[in-house]
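What follows is one structure encoded as structure tokens, with my remarks underneath.
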Amino acid sequence: MQLRRHLLLPLALLLSPARADELEQRFATPPPEARTRVLWMWMGSNITREGITRDLEALRDAGFGGASMFSLADVTAPWGGPIRKGPTPEIIAFTDPWWLLVKHAALEAKRLGLDFGIHNCPGYESSGGNWITPEMSMQELIWSEHRVTGPLKFAEVLPQATVNPEAIQMWPDIDPLTGNAVKAVVEARRTFYRDIAALALPASGVVAREQVIDVSGRMDATGNLQWDVPAGDWIIYRFGHTTMGTRIQPAQHQAAGLECDKMNPVAVETHLNHVLEEMREHLGDLVGTAVSHLHFDSYEAGFPTWTPRMTGEFAARRGYPLTPWLATFAKRVVVSEAETARVRADFQRTVKDLYRDAYYGTAKRLTRAAGLQLSSEPYGGPWEIGEIVPQLDRPVAEFWTHKGEYRPLQEELHALVASVRILRPQPVIDAEAFTGDPSDSRWSETPAWLKRIGDQGFVQGINRMVLHHFAHQPWDPALKPGMTMGQWGTHFSQNQTWWEPGKAWVAYLNRCQALLQWGNPNSNLGFQSDNEALKATRRSMEGAELFFIANSSRNEVAVKATFAVAGSQPELWDPVRATRRDLPEFEVIDGKTVVPLTFAASESAFIVFRKSVTTKATQENFPKPATLLQLGGAWQVAFDPRWGGPAAPVTFSALTDWTTLTEPGVKYFSGTATYTQRFDVPPGLIAGVRELDLGKVNHLAKVTLNGRDLGVVWTAPWSVAVPTGLLKAADNELSIAVTNVWANRLIGDEQEPPDMLWSPGFFPGNGGYLKEFPDWFLKNERRPSKNRLTFTTWNYFTKDSPLVPSGLLGPVTLGR
């Protein structure tokens, strides 16, 4: 193997100046379509105009691009639950007072230049409401059996099948009177019934096709059957259907209703026409302008076994009648086991066809006619993902922060990404991002913790995050952390302790998404390294190659990475610091470029090939840092007294975890505390200083040196660049504003007497929700437990819950 440094191949990969400028511009200023979105949760009747404006202005100011709004119950646990004594009980989803607030939100989103859409029904699951009748709801195939022995003249009423009146659905309901989780009884499962057919079969054994006798024509509407029974033992089956009773969830009790029949285009039209007509009536020409999309969330509505059009659709799509084979649903074998299995497979294929055509096809037609885009998480239901994606304007994936790890619906994600890439040359693939279990996300999540998880989503093809969740904050901004979605995280809102410094993380997401939406996905990854922790994805356009590489481990990784590109200068674009630089050290080996790379824990970068070689290998790509000066001595730390901090600054003789101290105002502090120190630098070292390294930080830090803002440090390598000429020989002033998470102050409040009533959650260890709004809250009075500082609707903690390590632990060093 011959090695030659900086070998130039005959065909250099060159970008036109215009295209190069576009790429750099996207990185510097991500366009609107690249900006992160949120799932905006309106919780029950707790909605205000002022809160809507604050929410949307906070999103705009933080660099977000828009929101998809859901209207849920007061809390989700995961089913919808009420909080009693709400201050505005008249606000019910999809009623006039609610629509007035939606209009205000749409107007505000338009004013602020934000993308705005709504979920297609109350709750997040799935498509329906109290306007759906039992006949238009999801249906269950049912049957009764009547045994007879012939020969005889049969003249009796065949009994209708009866079913358990409880709804068929994933989650129970919460009784609004008792607060208990109950299985919903749907009266229509007792009263609604429609016949399909009556069939007679020999009472046992495998049945020949001709032995299935259709006696439907001999039965009247009351079920009275007149039939001459042949000799032998027979079973007469009366097949019919009733509503599954499946209800939308987790909606307000007053807004709840039946799921529509998704295999019946008339039922889907009934649902969507109701919603769209309400939108037109209340929002007017904002529909299709200020309101851009209608969203359908991940499917959890269950698997229906019938629809009124099934027999006709089956015959038209499969080429033979279904009726003689209905007995296979009653676990009878007709013709043979193999033939019975084939028919059942044909039935399931017809179900998939109908979900594709009747549900998504109708949704596509009606939303586009209304000038709206169709947004959906197209998985979880009885369909083929690849058949649904072509009908969507906004395909949406999903991933969770399960046990601190990236957890997508793996097969579904791969199918979605593959389908989108086939159908669209430059696809935007949204993802419901960072959905958190209560064991993971209890006001303890941080951008650094989230980054590693999100990067793995980027690698797998996602290129626009839609954060789950951003709960609407209707009340006075002093009431923090405020409204939650119940037990679920991750908690994003302007009430987060780290909302302001966390804007640096949002900027990171936007930069990544701007480049990951550029060009075309390249299925020939062309990237190799000897460390499996490095994950990569590739995009290409007109000779330019972008590789996004993420270190999925919590350790530093140093490798020689091989790229299937030659003849171009490798560049490193750092989406955390928004910097670009050439990588001078590389080799071309057998037409591939080998580049030494070093990644800090959970670090990521773009390696870009777009221009001819311009640099010489005069230095290493990642020279090892050298510490020139460690900042010892005391720090003055000013805590915010509004959140229990000491009134005067505290002297830290050494950098210490706040939670190890005895002072309650420090031990239980949540928010931002500012460290300051003055220091001198030996004149001989000043010129060599390039970096200020903060060491260990819990959890974000804004750095100011000699009055100059050096930015926010929120992830590894936990350092900032020091501009040349900023340092002085004497009396440098360093300020580090450190922000931790809410958990500690919430635990600190649990040391105080209670002044709110709580209902237990329904999963042990996950906390509980506010039982009712307290009188002091409703009357805007001073709260009885005067040392309690926080207010929220879900409580994860007791007084003995473990605290989260917090503060600047260092060491803080100057180096090069």
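The values are calculated or read from the model by the stated rules, or taken from the named source; none is laboratory data. Note that the coordinates shown come from a computational prediction; the quantities given were computed from them, not determined experimentally. Cβ placement follows ideal geometry from the backbone for every residue including glycine, while neighbour counts extend to all protein chains displayed. Accessible surface areas use protein heavy atoms only, side chains included; no ligands, DNA or RNA. Shrake-Rupley method; radii C 1.70, N 1.55, O 1.52, S 1.80 Å.
Considering the stretch 494-556, its Cα convex hull presents a mean projected area of 6.1 nm². Probing with 1.4 Å while keeping every protein chain in the model, the per residue accessible area of the chain equals 39 Å². Computed about its Cα centre, the charge dipole of the stretch 725-816 is approximately 160 debye, with only Lys, Arg, Asp and Glu carrying charge at their Cβ.
Take the Cα of THR618, step 7 Å toward its Cβ, do the same at ALA28, and the gap between the two points is 2.5 nm. Applying a DSSP loop filter and a limit of 10 other Cβ atoms within 10 Å to the GluC sites (Glu not before Pro) in the stretch 40-94 leaves GLU90.
Distance from the Cα centroid of the stretch 110-183 to that of the stretch 337-388 is 19 Å (rounded to whole angstrom). Positive-end ranking of ASN732, TYR769, THR715 along the dipole of the stretch 695-816, with charges on Cβ about the Cα centre, is headed by ASN732. Considering only Cα atoms, the convex hull volume of the stretch 475-583 works out to 165 Å³ per residue. Amide H to amide H distances under 5 Å link GLU398 with LEU409, GLU432, where only residues 5 or more positions off or on other chains count and H is placed in the peptide plane.
Projecting the Cα positions of THR367, THR435, PRO378 onto the charge dipole of the stretch 345-471 (unit charges on Cβ atoms of Lys, Arg, Asp and Glu, taken about the Cα centre) puts THR367 furthest along the positive direction. Loop-resident trypsin sites (Lys or Arg not before Pro) (DSSP state other than H, G, I, E or B) in the stretch 338-433 with no more than 14 further Cβ atoms inside 10 Å of their Cβ: LYS403.
Remark: the stretch 393-476 is approximated by an ellipsoid whose semi-axes, taken from the C-alpha gyration tensor as √(5λ), come to 25, 15, 10 Å, largest first.
Only helical runs count toward this figure. For the chain, summing -39,500 (n - 2.57) over DSSP H runs of n ≥ 4 and dividing by all residues gives -6000 deg cm²/dmol at 222 nm.
Database remark: amide H of ALA533 closer than 5 angstrom to no amide H (H placed geometrically; neighbours at sequence offset of 5 or more, or on other chains; Pro and chain starts carry no H).
Relative to the dominant Cα principal axis of the chain, helix 410-423 is inclined by about 90°. Look at the dipole of the chain built from charges on Cβ: of ALA200, SER71, THR328, the Cα furthest out on the positive end belongs to SER71.
Spherically averaged projected area of the convex hull of Cα atoms, the stretch 744-815: 7.4 nm². When only alpha carbons are used to place a centre, the stretch 654-686 and the stretch 254-304 end up 53 Å from one another. In order along the stretch 153-163, the phi-based Karplus estimate (6.51 cos²θ - 1.76 cosθ + 1.60, θ = phi - 60°) of 3J(HN,Hα) comes to 8, 8, 8, 9, 8, 6, x, 6, 5, 10, 9 Hz; Gly and Pro are listed as x. DSSP assigns beta bridges within the chain; of those with both partners inside it, close to 75 percent run antiparallel. Rolling a 1.4 Å probe over the protein heavy atoms of the chain, with every protein chain left in place, gives an accessible area that is 52 percent carbon and sulfur.
The GluC sites (Glu not before Pro) of the stretch 715-816 that meet both conditions, a loop assignment by DSSP and at most 13 other Cβ atoms within 10 Å of the site Cβ, are GLU781.
Rg and Dmax of the stretch 190-311, based on Cα coordinates, read 21.8, 71 Å. Summing Cβ point charges (Lys, Arg +1; Asp, Glu -1) relative to the Cα centre of the chain gives a dipole of roughly 1420 debye. The label point for LYS110 and the one for ASP574, both projected 7 Å from the Cα toward the Cβ, are 4.4 nm apart. Rounded to 0.05, the FRET efficiency of the THR162 and ARG365 pair, given R0 = 45 Å and the Cβ-Cβ distance, is 0.75. Rounded to the nearest 10 degrees, the inclination of helix 17-28 to the longest alpha-carbon principal axis of the chain is 90 degrees. Based on the convex hull around the alpha carbon atoms, the stretch 271-429 presents an average projected area of 13.0 nm².
Based on the Cα gyration tensor of the stretch 112-166, what are the three equivalent ellipsoid semi-axes, each the root of five times an eigenvalue, rounded to whole Å and given largest first?
49, 9, 9
Taking the Kirkwood radius as Rh and the Cα radius of gyration as Rg, the stretch 688-811 has a ratio of Rg/Rh equal to 1.17. Matching the structure-derived P(r) over Cα pairs in 10 Å bins from 0, in percent against the labelled list (i) 2, 8, 11, 15, 19, 14, 11, 9, 6, 3, 1, 0; (ii) 2, 8, 13, 19, 20, 16, 11, 6, 3, 1, 0, 0, 0; (iii) 2, 12, 19, 21, 18, 13, 8, 4, 2, 1, 0, 0 gives the label (iii). The angle separating the long axis of helix 49-61 from the principal Cα axis of greatest extent in the chain is about 50 degrees.
The modelled label-to-label distance for the pair ALA730/SER523, using points 7 Å beyond Cα in the direction of Cβ, is 6.9 nm. Determine the distance separating the Cα centre of the stretch 439-497 from the Cα centre of the stretch 512-556; give it in Å without decimals. Each part's Cα centre sits 26 Å from the other's.
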